[in-house]
Amino acid sequence: MSEKLLFFILLAFLTSCADDTPKAESGTYLGGEVINPVSNYVILQKNDVFLDSISLDQNNKFLYKLNDTQKGIYTFSHNEEQIVYIEPGDSLLLRVNTFEFDETLTYSGFGAPENNLLIDFFLKNEEENDLMIQREIYQQDPTTFSRSVLTFRNERQERLDEFLKKHEVSAYFERLGQAIVDYDYFARLEVYPMSHFGVDRVEFIKSLPNSFYDYRKEISFNEPEFLELYPYQRFLINYFNQAAFKEYFTEEAYDPLSFTHNLHKLRLIQTEIKNDSVKSFLLTRTIKDYLANSNDKKGGETLYEMYMDHIPSKRDKKEISDLYAANKKIETGKRIPDEQLLTLEKDTVTFETTIKKPAFIFFWSNENKNHAKRAQRLADSYIEKFPEFTFMAINVKDNFSSWKRSVKRYGFTPEQQYLFTGDYNRLVKDLALSSTLKTFIVDEEGFIINAHTNLFSTTFENELLSALNN
């Protein structure tokens, strides 16, 4: 039977069956439809390891048979990304519109209830985060704050309990669902002392009652199967940021990007985490963020050597080795490595031909639309304050039509928009671009003033002033 015929049989079958139909016996499938696609494929990964690139047909549909399926969380991406839970025997059909990726993602077929629940939880978290900002929940006193976030947890728990009564799922998925409920709650409790803007953060932390941390009796640092869950990642990062600060908070102000903070953080992770996968995730995330944001060459060398001595993962070790080598290309005083870019008029330009006055350069993609919109608004506001500067907003990972559509849709300043069309992995190596948060400040000749800053940093305005004065 041809793959195309099999697809239409499976498609007709899945769209006509109930979500609770027993699992298929002939294999494990992931199929679906991408509305308004920005490329002709989707990518499937597990544990940050590339599995396959799956082609879309002429109707923007795809079908993929998974071999040797491991039960658990996978990641699929088509410009943006989202998790998908797959068990052997599942036959999942997804539908997504790239204009509103997370909001339109739905599943049908065998395994659909579990995945629709995960999407519901994800969107619920986004909604709660907005409410927490609007209502300034992190500025509440400890008792009121605990009550507020417990309300969110109880609502999520009720939703999970109702789901489990209605659907028969594996014990493994039930455990994952409970972990999402729990660690979303734990992550917020961990970040609260660092997000409460009191007069004295140290005294505020000291004033918290011991009972505030009672939830830590329920936590586990060594759950590798939870590493693909965003709530578990957030909890781990928030916990070790707070723990690291408590190692030096009588001597220095809280600065998660400082050498002192990251030195303590790496030591604590090495001491407290026993599982190699969890340890690799946290060590790598910590050193990657530090190298991406620090101009401290000596401190970077110390932390890099410390990391290389303790990292269990050979893959992560190579990634950080490459990043460290790339950092040497973008040291202050060196000319920014030249890259070919495309304008909205499809003219090919480079940094060298474009930079004629002091500039800050930042990056964005449609993978994170909120980041893109916030970054562009900030850039416009800084240009109003500092007309001596210009900026370059460089889109990475998107194709021309998707990029152009986003620029027009969100009203970005067209003259400052550029598209990188080359190999993204090469850009990562050339500019040590570990994330799109990185921002460069360069002079009128393209020489680097600061290669490790961030538009969203509270110190960015001072860094622009310093660049002008120098």
**Fill in**
ALA292 passes all but one of the listed conditions (1) free of Cβ contacts under 8 Å to residues at least 60 places away in the same chain; (2) touching a strand residue (DSSP E or B) at 6+ places or on another chain (Cβ under 7 Å); the exception is number (1)
**Message:** Looking only at region 389-429, count every residue that is over 15 Å from PHE362 (Cα atoms), at pLDDT 90 or above, of a type in the set (Gly, Ala, Ser) and crowded, with 17+ Cβ neighbours inside 10 Å and tell me the total.
**Reply:** 1
**Which listed residue, of SER77, SER26, is of a type in the set (Gly, Ala, Ser), modelled with pLDDT under 95 and outside any strand (DSSP E or B)** = SER26
**Request:** Those residues that are under 27 Å from the mean Cα position of the chain (by Cα) and not hydrophobic (A, V, I, L, M, F, W, C), I need them from region 441-461; list them, please.
**Result:** ASN450, HIS452, THR453, ASN454, SER457, THR458, THR459, GLU461
**Prompt:** Do you know which of the residues in region 262-275 that are without any contact (Cβ under 8 Å) to a residue 40 or more places away in the chain and surrounded by fewer than 22 Cβ atoms within 10 Å (Cβ to Cβ) is farthest from the chain's Cα centre (by Cα)?
**Reply:** THR271
**Prompt:** When region 90-105 is examined, which residues are found to be part of a strand (DSSP E or B), surrounded by 22 or more Cβ atoms within 10 Å (Cβ to Cβ) and not hydrophobic (A, V, I, L, M, F, W, C)?
**Reply:** SER91
**Request:** Being within 18 Å of SER91 (Cα to Cα) and more than 26 Å from the chain's Cα centre (by Cα) is the filter; apply it to region 49-64 and report the residue that is surrounded by the fewest Cβ atoms within 10 Å (Cβ to Cβ).
**Result:** LYS61
**Prompt:** Any idea which of (1) over 21 Å from the mean Cα position of the chain (by Cα); (2) of a type in the set (Asp, Glu); (3) more than 30 Å from ASP255 (Cβ to Cβ) is the one ASP423 doesn't satisfy?
**Reply:** (1)
**Asked** Does ASP338 satisfy being outside any strand (DSSP E or B), surrounded by fewer than 16 Cβ atoms within 10 Å (Cβ to Cβ) and in contact with a strand residue (DSSP E or B) (Cβ under 6 Å, 6 or more places away or on another chain)?
**Response** yes
**Request:** Return yes or no: is SER108 surrounded by 19 or more Cβ atoms within 10 Å (Cβ to Cβ), assigned to a strand (DSSP E or B) and among the polar types (S, T, N, Q)?
**Result:** yes
**Message:** Against the condition under 28 Å from ILE86 (Cβ atoms) and either buried (at least 21 other Cβ atoms within 10 Å of the Cβ) or modelled with pLDDT of 95 or more (or both), how does PHE245 come out, does it pass?
**Reply:** no
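Every residue, every condition in (1) over 20 Å from the mean Cα position of the chain (by Cα); (2) in the same structural domain as THR28 (by TED's automatic domain parsing); (3) free of Cβ contacts under 8 Å to residues at least 60 places away in the same chain, yes or no:
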{"residue": "GLY89", "(1), (2), (3)": "yes, yes, no"}
{"residue": "LEU93", "(1), (2), (3)": "yes, yes, no"}
{"residue": "VAL96", "(1), (2), (3)": "no, yes, no"}
{"residue": "PHE101", "(1), (2), (3)": "no, yes, yes"}
{"residue": "THR106", "(1), (2), (3)": "yes, yes, yes"}
{"residue": "LEU117", "(1), (2), (3)": "yes, no, no"}
{"residue": "ASP120", "(1), (2), (3)": "no, no, yes"}
{"residue": "LEU123", "(1), (2), (3)": "no, no, yes"}
{"residue": "GLU136", "(1), (2), (3)": "yes, no, yes"}
**Message:** Take the conditions touching a helix residue (DSSP H, G or I) at 6+ places or on another chain (Cβ under 6 Å) and outside the structural domain of TYR324 (by TED's automatic domain parsing) and apply them to LYS429. Does it pass?
**Reply:** yes
**Fill in**
Note on MET132: of the conditions (1) crowded, with 16+ Cβ neighbours inside 10 Å; (2) of a type outside the set (Lys, Arg); (3) touching a residue at least 60 places away in the same chain (Cβ under 8 Å), unmet is (3)
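The values are calculated or read from the model by the stated rules, or taken from the named source; none is laboratory data. Remember, it's a predicted structure, so these values are computed and weren't measured experimentally. Because the Cβ atoms are built from the backbone with ideal geometry, glycine has one as well, and the counts that use them run over all protein chains shown.
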